[in-house]
Amino acid sequence: MKPFEINEHKIGPGQPTFVIAEAGVNHDGQLALAKQLVDIALDAGADAVKFQTFRADQVASPSAVKANYQKQTTSSRESQLAMLRRLELSEEAFRELQNHCRSRGIIFLSTAFDEHSVDFLAGLDIPAFKIPSGEITNAPLLEHIGVKGKPVILSTGMATLGEIDHAMRCLNQSGTQQIALLHCVSEYPADASTTNLRAMASLSDCFGVPVGLSDHSLGTEISIAAAALGASIIEKHFTSDKSLPGPDHSASLEPSELKILVKAIRNVEVALGDGVKQPTPEELRNAAVVRRSLVAAVDLEPGNSLERSMVAFKRPGTGISMQLLPYLLGRKLRRRVEAGTMLELGMFE
């Protein structure tokens with residue numbers, strides 16, 4: 001498995017987790033709020049901020065109903081198409097967003113839901129394409145993205161291994177070889193009991209590509225656990241305010257939570273280390289204080305053969321290790337040693 005790069009960020013095992021702050025449509029169709037979300041993602045320390053680019057009329061028909069979670073968070077009288085139209089940003093707005101991201105020093109990404117949006121984002125020269133779970137069986141869209149030849153991050157919610165394999169083939173055969181797979185549970189919010197983080201390892205074993213998590217659960221612990229399991233990418237929805245009206249706000253992290261999550265992920269990846277079991281320099285200093293050494297329990301006279309009853313074990317650990325006691329028993333003393341003295345190898349014949 002070879003890592004690939006997204007704007008000089010290496011994606012793959014052993015590399016820092018690529019953290020995508022998923023703004024999605026939590027801008028509610030307002031460019032000013034979208035820019036605010038960029039600033040929140042940057043302040044939290046995310047590597048990238050991601051939006052969603054679509055033409056509502058190309059995504060949903062007038063008869064398309066909302067998902068249950070959307071019905072709970074938006075007006076039940078509004079159709080899915082009407083909701084998407086309300087949440088759609090113009091191409092000029094996306095250009096401004098990309099420029100804002102560049103000026104602030106954070107990677108701009110956006111999920112394309114239709115071929116026109118793919119072409120538009122390719123024209124912006126985005127560093128990678130994100131494909132959402134709902135489009136994993138959309139072979140024409142996958143092929144249209146594949147011919148662009150850019151790295152692809154593919155979410156796998158609702159998908160079987162067979163469907164993932166077909167999607168991978170569509171992308172590979174049309175020209176994309178750099179692919180990362182995100183395990184995902186397409187429910188909002190996703191319950192912890194359904195998360196099945198071990199599926200990341202299954203994706204890695206089956207397809208030999210970098211894997212990660214698109215996390216729809218509440219809170220931060222699932223994403224932190226994914227980082228501990230070696231996720232190469234973690235994507236998490238966030239908002240400026242959970243109480244705002246809109247389909248995704250209530251299941252998103254607020255700014256302070258996003259900052260806590262990114263810090264926790266960074267702490268986890270540092271804590272994973274290199275796997276070599278050896279004492280740290282700090283531990284070696286502590287060992288001298290808390291370990292014990294061999295000490296004369298009684299006065300020892302020259303010519304005495306060392307017996308177990310003549311030895312005590314006391315701090316500090318700067319003398320002869322207790323592990324060497326079996327090799328010293330029976331050895332004769334060269335000189336007198338007073339009780340309480342730390343034993344030295346030079347005291348023995």
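The values are calculated or read from the model by the stated rules, or taken from the named source; none is laboratory data. Worth saying up front: this structure is predicted, and the values here are computed from it rather than measured. Heads up: the accessible areas ignore ligands, DNA and RNA and are worked out on the full protein's heavy atoms, side chains in. Shrake-Rupley method; radii C 1.70, N 1.55, O 1.52, S 1.80 Å.
Go ahead and estimate [θ] at 222 nm for the chain from helices alone: -39,500 (n - 2.57) per DSSP H run with n ≥ 4, summed, over the residue count, rounded to 500.
Working: 13 runs with 126 residues, N = 349.
Taken over the chain, the calculation gives -10500 deg cm²/dmol.
Restricting things to alpha carbons, find the Rg to Rh ratio for segment 1-160 using the Kirkwood radius for Rh. Show your work: numbers first, answer last.
Details: Rg = 15.9 Å, Rh = 16.6 Å.
On the Cα set of segment 1-160, Rg over Rh gives 0.96.
Could you let me know the centre-to-centre spacing of segment 92-126 and segment 209-250, using Cα atoms, in angstrom?
21
Ignoring any ligand, DNA or RNA, what whole percent of the accessible area of segment 1-116 comes from carbon and sulfur when the probe is 1.4 angstrom?
Numbers: 2340 of 5390 Å².
Roughly 43 percent, rounded to a whole number.
Could you work out the percent of alpha carbon pairs in segment 126-176 separated by over 14 Å, rounded to a whole number? Write down the numbers at each step before the final one.
Numbers: 531 of 1275 pairs.
Across segment 126-176, Cα pairs with separations above 14 Å total 42 percent.
If I histogram all Cα-Cα distances within segment 17-86 using bins 5 Å wide from 0, what percent of pairs lands in each bin?
Final binned percentages: 3, 15, 21, 20, 16, 13, 9, 2, 0.
Counting only residues 5 or more places away or on other chains, whose amide H sits under 5 Å from the amide H of K314 once H atoms are built in the peptide plane?
S293, V295
By how many degrees, 0 to 90 and rounded to 10, does the Cα axis of helix 91-104 deviate from the longest principal axis of the chain?
20
Please enumerate, by chain and number, the lysines with C-alpha under 16 Å from the C-alpha of K2, excluding those fewer than 8 residues away in the same chain.
K10, K150
Can you tell me the 0 to 90 degree angle between the C-alpha axis of helix 161-174 and the longest principal axis of the chain, rounded to 10?
For 161-174 against the chain, the angle is about 70 degrees.
For segment 158-203, which whole-number percentage of the solvent-accessible area (1.4 Å probe, protein heavy atoms only) is attributable to carbon and sulfur atoms? List each step's numbers first, then the result.
On the way: 1180 of 2390 Å².
Carbon and sulfur: 49 percent of the exposed surface of segment 158-203.
Report the Cα centroid-to-centroid distance between segment 8-53 and segment 272-349 in angstrom, as an integer.
Measuring centre to centre over Cα atoms gives 57 Å.
If amide H atoms are built 1.01 Å from N in the plane of the peptide, which residues on other chains or at least 5 residues away come under 5 Å of the amide H of V147?
Amide H neighbours of V147: none.
What is the helix-to-structure angle for 31-44, meaning the angle in degrees between its Cα long axis and the longest Cα principal axis of the chain, kept from 0 to 90 and rounded to the nearest 10?
Its long axis makes an angle of about 10 degrees.
Using all Cα-Cα distances in segment 133-255, what percent lands in each 5 angstrom bin from 0 up to the longest?
Calculated over all Cα pairs of segment 133-255, the distribution is 2, 11, 21, 21, 18, 13, 10, 3, 0 percent.
Whole-Hz Karplus ³J(HN,Hα) for segment 129-146, in order, using 6.51 cos²θ - 1.76 cosθ + 1.60 and θ = phi - 60°, x for Gly and Pro?
Residue by residue, segment 129-146 yields 9, 9, 10, x, 4, x, 9, 5, 9, 8, 4, x, 5, 4, 5, 5, 6, x Hz.
Looking at the chain from every direction and averaging, what is the projected area of its Cα convex hull in nm²? Please report the intermediate quantities before stating the final value.
Working: hull surface 94.8 nm².
Mean orientational projected area (the chain, Cα hull): 23.7 nm².
How much accessible area per residue does segment 141-297 have, in Å², with a 1.4 Å probe?
Numbers: 7410 Å² over 157 residues.
It amounts to 47 Å² per residue over segment 141-297.
Sort R77, R292 by accessible area with a 1.4 Å probe, largest first. Provide the component values of the computation, followed by the final result.
Values: R77 215, R292 125 Å².
From most accessible down to least: R77, R292.
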